[in-house]
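Reading through the structure tokens given below for one structure.
The values are calculated or read from the model by the stated rules, or taken from the named source; none is laboratory data. What you see is a predicted model; the values in this text were computed from it and never measured. Every residue, glycine as well, gets a Cβ built from its backbone with ideal geometry; the counts of neighbours run over all protein chains shown.
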Amino acid sequence: MRNAVWQRCALRFAPGSRVLEMNCGTGEDALWLARRGVQVLATDASPAMLKVAQQKLADAAAGGSVRFQRLVWEELDTLEETRFDGALSNFGGLNCVADLRIAARALAQKLRPGGTAILCIMGPLVPWEWIWFLGRGDPRRAFRRLRRSGAFWSGMAIRYPSSAKSVRAFAPEFRVLRLSAVGALLPPPYTEKHLGRYPRIIALLDRVERRFETVWPLPMLADHYLLELERV
């Protein structure tokens, strides 16, 4: 699933470009971008995550292209730097944001016109999740994304906006370049312990999903959907 996002980043973020990464986590994406010659400001809400990310890049001798800063989406407007060429938010960081419209306006202030934002967001309709948890007698987890109040994890409210809602939240500052599925045919990561024993099947599902990732209704039925937006 991460490789699917990286394929799109490779096309959108050229070597030498400046990219703002929100919710960088342990730095996997920042490290990958740095190795491609991208200049990254990697941010996260968690000091512990940032510490792990800094160590990871130091060990990989790729830290020269990456700077780190503690920052949450709700405080993005306080970031002094502007005119980034692109932005990346991978694997659900925006699902922790209560007001997408506020986040969109703040991000728009940080990107130059024509800059690209790649946003990987967890969607509400995931047949894989329904089948997986219903098969284990856990309907609460199977349909947790459909609850209006969202789900709660580690004291945070996790919301699951549809792709249409996200597109509306980022307009008119951004226009949609591409919408694709990440994890519609591919099983979600929490199934890896059981389904990882079938690598050939997983590889086949990956190839099919990559070929048809933009075809309706796959983006609407995926564990994550990938929004590629242009700052207008």
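Taking the residues in region 151-170 that are free of Cβ contacts under 8 Å to residues at least 24 places away in the same chain and hydrophobic (A, V, I, L, M, F, W, C) as candidates, determine which candidate is nearest to residue 119 (Cα to Cα). First the steps, then the outcome.
Taking region 151-170 and keeping what is free of Cβ contacts under 8 Å to residues at least 24 places away in the same chain, we get 151-155, 164, 168.
Subsequent filtering for residues that are hydrophobic (A, V, I, L, M, F, W, C) retains 151-153, 164.
Working: 151: 20, 152: 21, 153: 21, 164: 13 Å.
Among them, the one singled out is 164.
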Fill in: Residue satisfying condition, being at negative phi and either of a type outside the set (D, E, K, R) or more than 15 Å from the chain's Cα centre (by Cα) (or both), within set 25, 64, 16, 92
64
Worksheet item: Here are some conditions: (1) surrounded by fewer than 19 Cβ atoms within 10 Å (Cβ to Cβ); (2) touching a Gly at 6+ places or on another chain (Cβ under 7 Å); (3) part of a strand (DSSP E or B). Residue 67 meets all but one. Which one does it not meet?
Response: (2)
Discussion item. On the basis of being closer than 24 Å to residue 183 by Cβ and either part of a helix (DSSP H, G or I) or among the charged types (D, E, K, R) (or both), does residue 29 make the cut?
Written reply: yes
Worksheet item: surrounded by fewer than 19 Cβ atoms within 10 Å (Cβ to Cβ), part of a strand (DSSP E or B) and in contact (Cβ under 8 Å) with a residue 40 or more places away in the chain - does that describe any residue in region 88-110?
Response: no
Discussion item. Given (1) in contact with a helix residue (DSSP H, G or I) (Cβ under 8 Å, 6 or more places away or on another chain); (2) aliphatic (A, V, I, L, M); (3) assigned to a helix (DSSP H, G or I), identify the lone condition not met by residue 50.
Written reply: (1)
Response to the item:
Going through (1) modelled with pLDDT of 95 or more; (2) out of contact with any Ser or Thr (no Cβ under 6 Å at 6 or more places or on another chain); (3) of a type in the set (S, T, N, Q) one by one, residue 82 fails only at (1)
Worksheet item: Residue check, residue 43 against (1) over 23 Å from residue 156 (Cα atoms); (2) not in a helix (DSSP H, G or I), all met but one. Which one?
Response: (1)
Worksheet, complete the sentence: Only one of (1) surrounded by fewer than 18 Cβ atoms within 10 Å (Cβ to Cβ); (2) of a type in the set (S, T, N, Q); (3) under 13 Å from the mean Cα position of the chain (by Cα) does not apply to residue 82, and that is (3)
